[in-house]
1. Of all residues in the range A:351-382, which are among the basic types (Lys, Arg) and within 16 Å of DNA strand B (Cβ to nearest atom)?
2. Kindly indicate the residue of the range A:215-245 that is out of contact with any Gly (no Cβ under 8 Å at 6 or more places or on another chain) and β-branched (Val, Ile, Thr) and also farthest from DNA strand B (Cβ to nearest atom) among those meeting that condition.
3. Does the range A:477-500 contain any residue that is within 21 Å of A:THR363 (Cβ to Cβ) and within 16 Å of DNA strand B (Cβ to nearest atom)?
4. Of all residues in the range A:72-99 being touching a residue at least 40 places away in the same chain (Cβ under 8 Å) and more than 16 Å from DNA strand B (Cβ to nearest atom), which is nearest to A:ILE131 (Cα to Cα)?
5. For the range A:707-730, enumerate the residues that are touching a residue at least 40 places away in the same chain (Cβ under 8 Å) and surrounded by fewer than 13 Cβ atoms within 10 Å (Cβ to Cβ).
6. Quick test of your reading of the structure: A:MET69 fulfils all but one of (1) under 21 Å from A:MET156 (Cβ atoms); (2) within 16 Å of DNA strand B (Cβ to nearest atom); (3) assigned to a helix (DSSP H, G or I); (4) not hydroxyl-bearing (Ser, Thr, Tyr). Name the failing condition by number.
7. Before we move on, is A:GLN347 assigned to a strand (DSSP E or B) and out of contact with any Phe, Trp or Tyr (no Cβ under 9 Å at 6 or more places or on another chain)?
8. Residues in the range A:510-541 that are among the charged types (D, E, K, R), surrounded by 20 or more Cβ atoms within 10 Å (Cβ to Cβ) and under 23 Å from the mean Cα position of the chain (by Cα): how many?
Amino acid sequence: MTLIPIQQHIADIKKALETSGRAVVQAPPGAGKTTHVPLALLDEPWLKNKKILLLEPRRLAARSCAAYMADRLHEKVGQTIGYQIRLDRKIGPDTRIEVVTEGVFTRQIQADPSLEEVGLVIFDEFHERNIHSDLGLALCLESVEALRDDLRILVMSATMDVAAVSTIMDAAPVIVSQGKSFPVKTTYLPPLNKQNRTVPIETTCALAIGRAMSKNSGDILVFLPGVGEIKRVASLLEDTLDSGTHVFPLYGNLSQEEQAMVFWPLTSGKRKIVLATSIAETSITIEGICIVIDSGLMRVQRFSPQTGMSRLVTIPVSKSSADQRRGRAGRTAPGKCYRLWSEHDHQLLKSFIKPEILSVDLTGFALELAAWGVSEPGQLKWLDQPEKASFDQAKNLLKILGAIDEKGQITPHGKKIVAAGLHPRLAHMIIKADEKGQGLLACRIAAFLNERDFIRFDQNAVDPDIRLRLELIEAIINKQKILQQGIKTNKRIIHRIIKSEKNTAKKLGIKLKKTDPEMAGRLLAHAYPDRIAQKRNNRDNTFLTASGKGTFFTQTNTVSINEYIVALHLDGNPRNAKIFLAAPYSKKELELDFSKDFKTGQIIKWNKKTGMIQATKDTFFGALLIGQQAISDIDHEKACDILIREIKKTGLALLPWTKRLISLKQRGIFLKHTGRFADLPDMSDTALEKQMETWLKPFLTGIFSLKQLEKIDLESAFLSRLTWKQQQAIEKNAPTHITVPSGSKKPLTYCRENGFLNATILDAPILEVRLQEMFGLTETPKIAGHAIPVALHLLSPAGRPVQITTDLKSFWKNTYKDVKKDLMGRYPKHFWPEDPLCAMPTNRVKPKTRV
DNA sequence: CTCTCCCT
């Protein structure tokens with residue numbers, strides 16, 4: 001028998017556990033730690049014949065390593081060695097080593113925090129940093145501190161920051177072991193640039209595969225981020241490969257049969273290319289791989305506390321993942337690894353993967369802590385503290401579900417939820433559904449949502465309706481043949497769902513057996529109240545969720561035709577999320593189950609279309625407007641405020657200005673502008689708008705529409721800002737008209753664009769008058785207390801402009817002679833005296849016939 | 001072309 005690397009460290013591990021009670025073992029894959037360490041420790045005196053718990057991250061691993069250990073003892077599983085995973089338990093009265101998945105361990109320690117029958121807990125593959133192992137270790141450490149000082153803890157992992165683990169375990173001794181593997185030569189092949197653009201990863205990958213094939217022999221494993229990339233690379237290869245090479249896709253959503261094809265040995269002389277996701281990094285081992293090609297990318301779930309939803313993102317792998325991938329080429333012989341990034345970029349990679357505790361939905365995690373009696377994670381020891389925003393979001397959801405109270409303490413309902421061993425949303429749904437006699441359907445829906453979708457559609461036949469899935473499950477239960485065009489089903493997943501549904505129903509004591517798929521939406525609304533969504537006005541296939549987010553279907557379908565839906569799987573786009581799975585819902589169902597959460601408020605607002613103030617009593621469920629009732633008795637004060645807001649928005653022109661009032665306003669502004677009448681109030685539009693509350697508001701009482709606005713007494717409102725004296729001052733110093741020598745009254749223009757509210761006020765008002773009407777007047781007429789001469793626009797008999805002046809005296813004296821000469825030529829029959837100051841002014845348009 | 005992996 002070959003030497004197992006971990007065996008030379010067993011003595012150190014025993015000693016560390018005996019004296020410190022805690023230890024950390026770092027050993028690469030292939031060191032044999034998972035199966036050798038637990039068996040080697042079984043007879044240690046400090047164990048006092050108590051059990052060893054071995055925690056595994058995957059069900060498959062738990063089952064197979066229990067089988068391996070039992071085999072080494074020449075026993076069957078269930079004797080000394082047993083295991084317990086979800087839906088499967090093989091543990092007998094003599095079992096000393098229990099191999100359990102991490103989730104099972106959480107249930108065990110919650111049920112019995114002191115773990116009475118256990119002497120040692122081993123965390124295997126701790127470097128994966130699943131949220132369950134982080135939680136398990138934290139609870140275990142507290143149990144040791146408070147209840148069980150003789151309980152021992154061993155953490156085993158591949159490469160990770162073992163020093164940090166040792167620290168939170170009170171400086172536990174660290175034991176490092178070598179692995180057993182063959183050297184792998186690494187080549188960096190970064191994507192090329194073409195026309196300043198990086199060549200897509202699929203093309204780069206296909207090129208690298210061609211190069212690897214020509215330079216080496218043996219089978220190839222290619223790591224890609226997802227199904228899309230796998231399919232695209234496969235189609236690129238189709239064109240270039242000969243018949244001696246076979247391409248196999250490998251990803252989680254393939255059926256077991258399709259996955260098994262990867263392992264079939266090929267006839268001699270043929271080569272295998274496996275295009276895989278990160279599933280081949282740890283979960284699945286393929287023999288005979290000599291070459292690894294690594295795209296350097298992976299797809300992971302990111303939870304967003306803002307939206308409360310998770311979405312998939314494609315990110316660069318960590319150095320530890322890249323090394324793990326490379327190691328796949330050196331399992332049986334020396335190998336080669338091509339990395340599709342540069343050596344420089346390699347330095348920029350993160351050392352380790354981001355632990356789940358920092359990136360996933362924490363709802364279940366927060367409820368486990370509440371069940372443990374902890375409302376803030378800071379009360380326990382963590383390698384990485386969960387982020388506050390995510391944890392708060394989780395607590396908020398738990399409050400909505402009624403699982404914790406305002407203080408963050410678990411409620412009786414929360415205790416039922418945590419015992420169900422499901423996501424809190426789903427457990428809550430089942431409990432609520434059972435009250436309606438639909439517990440079994442809820443168990444089925446929960447089981448379905450826990451699995452991946454078992455339907456694969458042909459081309460564009462996508463259907464996001466959950467009822468279709470429920471009917472297919474029902475058909476399988478009733479042993480009916482599935483005859484649906486355009487879809488393929490994965491029966492293995494359906495059978496797992498049925499098994500899981502039965503298990504949950506049994507665990508929660510659900511008796512009633514009837515199921516009605518039409519109830520799906522009503523049940524799911526309890527699980528996802530924040531994703532109840534309402535169709536948006538005039539926009540096909542778009543919906544608004546109760547949490548105020550936009551969502552849409554890519555095409556019309558049996559769910560999208562409803563006014564209300566429950567959107568289940570969304571792509572996580574925070575602005576406008578694509579819906580992959582949904583259930584129909586209705587206003588009636590919403591009213592039946594959520595009326596206690598409805599909020600009502602009186603809304604008074606301006607209706608642009610009707611030009612009226614409109615008062616309604618609005619009923620909301622979150623962001624959704626459920627009902628609206630008109631109110632006839634509108635609050636006057638609020639109506640005034642809305643009118644004022646509307647006038648400020650649209651402008652003062654909304655008010656019924658008269659010519660007289662506009663003139664008064666302009667003359668007021670003119671006078672104030674001269675600086676000689678400082679006590680006058682500011683009558684500009686800006687000032688009037690700013691002070692509307694004081695001068696206009698009292699006159700708006702009882703006004704509710706634009707039409708009514710036309711009837712208000714604007715003059716009184718405007719004059720209320722002026723004293724009697726000020727009004728008189730304006731009339732006297734900025735008159736509307738001036739009487740000229742001919743005796744006619746001529747208007748003064750104070751503004752450039754007369755008649756408009758926003759007109760520009762002139763420095764001097766304009767007086768337009770025929771030149772002949774001014775005969776005999778020496779001085780320019782003056783206003784504003786004889787301080788400002790008007791701007792005289794002197795006109796010909798026909799009213800054409802002849803001259804502009806503010807100095808009439810100088811005009812008569814200097815310019816008149818030339819003007820007269822010109823005018824006499826054009827209007828020979830008119831009177832053009834030599835001395836205009838002694839002549840009689842005239843306002844006659846037509847000349848006298850007699851000379 | 002709708003989506004990585006895993007678990008109570």
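The values are calculated or read from the model by the stated rules, or taken from the named source; none is laboratory data. Quick caveat: nothing in here was measured; it's all calculated off a predicted structure. Note that we place each Cβ from the backbone using ideal geometry, even for glycine, and neighbour counts take in every protein chain shown.
1. We begin by selecting, within the range A:351-382, every residue among the basic types (Lys, Arg); these are A:354, A:381.
A:LYS354, the sole residue that qualifies.
2. Here the residue is A:THR245.
3. yes
4. A:ILE97
5. Those that are touching a residue at least 40 places away in the same chain (Cβ under 8 Å) and surrounded by fewer than 13 Cβ atoms within 10 Å (Cβ to Cβ): A:LYS707, A:GLU710, A:LYS711.
6. Of (1) under 21 Å from A:MET156 (Cβ atoms); (2) within 16 Å of DNA strand B (Cβ to nearest atom); (3) assigned to a helix (DSSP H, G or I); (4) not hydroxyl-bearing (Ser, Thr, Tyr), only one is false for A:MET69: (2).
7. Values: assigned to a strand (DSSP E or B): no; out of contact with any Phe, Trp or Tyr (no Cβ under 9 Å at 6 or more places or on another chain): yes.
No; evaluated as a whole, the condition is false for this residue.
8. Adding up the residues that qualify gives 2.
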